[in-house]
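Peer 1: Take this structure, written in structure tokens, and hold onto it; I'll ask about it next.
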Amino acid sequence: MDDPILFTKLQEGDQSAFRQLFLKYYSPLCEYASRFVGDAFAEEIVQELMADIWENRKLLFIESSLKSYLFTAVRHRCLNLIKKEHYHKRVENAMNKEMEEPSDDPDHYLIDELAEQIQKAINMLPDTYRHTFLLSRFEHLTHAQIAKQLGVSIKTVEYRISQSLKNLHASLKSYLEPTD
């Protein structure tokens with residue numbers, strides 16, 4: 001049956017005409033759609049088109065050939081899906097970017113403030129204490145290595161680090177105490 005007769009019978013509700021339309025165009029339309037959106041979405045798009053054609057058969061108006069109408073409809077549906085997927089990706093990327101922003105983490109500001117206060121407290125230490133403390137905590141030297149480098153005893157290094165920690169604890173007391 002040629003397409004104009006097939007279309008007329010389809011509009012009249014002839015299920016065998018619809019079945020024939022489906023069998024004739026389903027595979028070629030799926031192949032065409034898969035070039036745009038891949039196999040998984042292609043079948044879904046063609047199935048939805050076929051269902052829409054059957055449901056709206058009485059309202060359907062085709063100016064060109066049935067074949068041209070079907071392939072154009074599939075292309076438009078594929079492009080709409082691509083636009084929709086692209087939009088969702090952009091929204092998802094924007095949301096992910098927002099989640100990575102430090103402003104979303106309320107502790108970010110407290111951490112910055114705490115780091116600043118720690119640096120101020122370290123800078124307030126006496127020079128010998130500060131130097132010994134920095135070698136221990138930031139250079140990761142052992143007490144023996146620090147003692148050798150500074151030309152002092154290990155006990156002196158231990159004392160300076162102990163005093164540094166006490167001073168830092170006192171300076172940072174408001175950050176160390178639990179809040180209710």
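Peer 1: Contact list please: Cβ distance under 6 Å, first residue in the range 2-21 and of a type outside the set (A, V, I, L, M, F, W, C), second residue not in a loop (DSSP other than H, G, I, E, B), pairs at least six apart or on different chains.
Peer 2: Final answer for the pair search is Asp3/Leu66; Lys9/Ala17.
Peer 1: Residues of the range 123-141 being touching a Lys or Arg at 6+ places or on another chain (Cβ under 8 Å) and closer than 16 Å to Tyr159 by Cα, which ones?
Peer 2: Correct list: Thr128, Tyr129, Thr132, Phe133.
Peer 1: Say we look at the range 149-180 and pick out the residues that are among the hydroxyl-bearing types (Ser, Thr, Tyr) and buried (at least 16 other Cβ atoms within 10 Å of the Cβ); which of these is modelled with the lowest pLDDT?
Peer 2: Going through the range 149-180, the residues among the hydroxyl-bearing types (Ser, Thr, Tyr) turn out to be 153, 156, 159, 162, 164, 171, 174-175, 179.
Subsequent filtering for residues that are buried (at least 16 other Cβ atoms within 10 Å of the Cβ) retains 156, 164, 171.
Details: Thr156: 95, Ser164: 91, Ser171: 85.
This residue is Ser171.
Peer 1: Is it true that Tyr32 is touching a residue at least 40 places away in the same chain (Cβ under 8 Å), under 25 Å from Asn80 (Cα atoms) and surrounded by 15 or more Cβ atoms within 10 Å (Cβ to Cβ)? Before you say what the answer is, go through the steps one by one.
Peer 2: Values: touching a residue at least 40 places away in the same chain (Cβ under 8 Å): yes; under 25 Å from Asn80 (Cα atoms): yes; surrounded by 15 or more Cβ atoms within 10 Å (Cβ to Cβ): yes.
Yes: the conditions hold for Tyr32.
Peer 1: Take Ser136 and tell me if it is among the small types (Gly, Ala, Ser), touching a residue at least 12 places away in the same chain (Cβ under 8 Å) and either within 22 Å of Asp112 (Cβ to Cβ) or surrounded by 15 or more Cβ atoms within 10 Å (Cβ to Cβ) (or both). If you could, list the steps in order and put the result at the bottom.
Peer 2: Details: among the small types (Gly, Ala, Ser): yes; touching a residue at least 12 places away in the same chain (Cβ under 8 Å): yes; either within 22 Å of Asp112 (Cβ to Cβ) or surrounded by 15 or more Cβ atoms within 10 Å (Cβ to Cβ) (or both): yes.
For Ser136, the condition - among the small types (Gly, Ala, Ser), touching a residue at least 12 places away in the same chain (Cβ under 8 Å) and either within 22 Å of Asp112 (Cβ to Cβ) or surrounded by 15 or more Cβ atoms within 10 Å (Cβ to Cβ) (or both) - is met.
Peer 1: Can you tell me which residue among Leu60, Leu70, Leu66 is surrounded by 15 or more Cβ atoms within 10 Å (Cβ to Cβ), hydrophobic (A, V, I, L, M, F, W, C), in contact (Cβ under 8 Å) with a residue 60 or more places away in the chain and within 26 Å of Gln11 (Cα to Cα)?
Peer 2: Numbers: Leu60 fails: in contact (Cβ under 8 Å) with a residue 60 or more places away in the chain; Leu70 fails: in contact (Cβ under 8 Å) with a residue 60 or more places away in the chain.
When all the criteria are applied, what remains is Leu66.
Peer 1: Among the residues of the range 53-85, count how many are outside any helix (DSSP H, G or I) and among the aliphatic types (A, V, I, L, M). Step through it out loud before you land on a result.
Peer 2: Of the residues in the range 53-85, the ones outside any helix (DSSP H, G or I) are 56-65.
With the extra rule that they be among the aliphatic types (A, V, I, L, M), the set shrinks to 59-60, 62.
Summing the residues that are outside any helix (DSSP H, G or I) and among the aliphatic types (A, V, I, L, M) in the range 53-85 gives 3.
Peer 1: Only one of (1) at pLDDT below 90; (2) within 20 Å of Cys78 (Cα to Cα); (3) of a type outside the set (Gly, Ala, Ser) is not met by Phe22, so which one is it?
Peer 2: If we test Phe22 against (1) at pLDDT below 90; (2) within 20 Å of Cys78 (Cα to Cα); (3) of a type outside the set (Gly, Ala, Ser), just (1) comes out false.
The values are calculated or read from the model by the stated rules, or taken from the named source; none is laboratory data. Since the structure is predicted, the reported quantities are computational estimates derived from the model, not experimental observations. Note: ideal-geometry Cβ built from the backbone for every residue, glycine included; neighbour counts use all protein chains shown.
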